[in-house]
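Have a look at the structure below, then the notes.
Please treat every number below as a calculation from the coordinates, not as lab data. If you're wondering where the values come from, they're calculated on a predicted model, not measured in any experiment. Glycine also receives a Cβ, built like all others from the backbone with ideal geometry; neighbour counts cover every protein chain displayed.
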Amino acid sequence: MQSSLSYNTCMDVIYIDALFFLNLLADYLLCLSTGRICGLVLRRRRYLAAALLGAAYAVAVYLPGLRVLGIPPLRLSAGLLMGLTAFGAERSPLRCTAVLLAVSAAYGGALWAISLAAGGSGGFVTLSSRLLFLAFALCYAALRLLFRFRARPAERRLLSVSAFLLGREARFTAMADTGNLLLEPMSGKRVLIACPHALSPLFPQQPELLLQAPTDLLEQAARIPALAGRFRLLPYRSLGGEGLLPVFRPDRLTVDGRPCPDLLIAVSPQAAGDDFEAIL
């Protein structure tokens with residue numbers, strides 16, 4: 001993270017471009033390592049956005065008149081902002097952010113040890129940029145090797161789903177989430193949560209239907225003869241709060257080719273990630 005890298009030379013010359021790209025790579029690897037440690041489906045675009053934020057902060061600290069940004073409370077705030085940028089869409093963003101800070105500390109300690117071994121004083125990381133790149137690559141490789149058995153199950157949690165309704169089919173990818181305990185209270189059936197984009201092939205003549213608020217969606221669907229009585233509202237509660245989700249029963253649904261006749265579908269724009277469009 002930006003607090004762990006100070007690109008120094010013996011003449012105290014700091015090259016802004018080298019500082020930016022070095023921190024960009026370091027912060028991206030930190031986010032990637034954290035995602036693998038936490039067993040998450042990797043959201044690489046969010047990690048890149050967080051890395052860009054961290055690299056920009058690292059550069060700003062060395063600009064004239066902005067050195068006050070380097071005080072510990074602001075460094076910690078920048079780290080928290082980076083963590084929420086990278087993991088804000090996860091179910092436990094604060095836990096992931098705490099892991100990110102711990103991984104950053106571990107990387108910083110490893111670089112400090114390498115600096116001492118290279119003859120540094122221990123006060124700063126005084127390695128050349130080439131050695132810093134190499135050190136970060138080695139640290140990342142070691143962490144990936146350490147957590148490879150945990151990362152593989154996370155990658156296998158992606159499922160292929162086909163939903164059928166009124167003679168139409170929608171195919172999308174769902175993430176198997178053991179934390180999804182959503183059930184329809186009347187029937188006790190499990191509920192798959194899908195984003196509107198994934199389900200849009202089922203409603204080609206009503207493209208805006210799934211984008212409505214839950215109560216508006218229910219009212220609009222009731223005016224369409226083919227959809228009348230298909231939707232109902234399901235109350236839910238999560239870490240982010242509580243509310244209502246529009247739910248419907250498809251004519252047929254398969255998961256990895258296996259029929260799932262008792263599975264309902266709820267609509268939520270929050271169910272999508274970089275590699276999936278639904279949560280099961």
| query | Roughly how many nanometres apart are two label points built 7 Å out from the Cα toward the Cβ at Arg171 and Ala105? | reply | 4.8
| said: Need one number: nm distance between label points at Ala228 and Arg44, each 7 Å from Cα along Cα→Cβ, rounded to one decimal. | reply: 4.9
| task | Whole Å is fine, so just give me how far the alpha carbon centre of the stretch 161-218 lies from that of the stretch 23-37. | result | 33
| request: Sort Ile71, Ile265 so that the residue with the fewest other Cβ atoms within 10 Å of its own Cβ comes first and the one with the most comes last. | output: Ile71, Ile265
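Using 0.36 nm times the number of residues separating Phe20 and Ser160, minus their current alpha carbon distance, what extension gain do you get?
Stretched fully, the Phe20-Ser160 segment lengthens by 46.4 nm.
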| said: I want the local charge near Pro201. Using Cβ-Cβ distances under 11 Å, sum +1 for each Lys or Arg and -1 for each Asp or Glu among the other residues. | reply: +1
| remark: A correct fewest-to-most ranking of Met186, Met175 by other Cβ atoms within 10 Å would be Met186, Met175
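Just to confirm a number: summing +1 for Lys and Arg and -1 for Asp and Glu over residues other than Met82 whose beta-carbon lies under 11 angstrom from that of Met82, what do you get?
Result for the local shell: +1.
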| said: Let's test the formula: R0 of 25 Å, r as the Cβ-Cβ distance of Arg190 and Leu94. What FRET efficiency results, to the nearest 0.05? | reply: 0.35
| message | Using a 10 Å cut-off around each Cβ, can you sort Arg171, Arg43 from fewest to most neighbouring Cβ atoms? | response | Arg171, Arg43
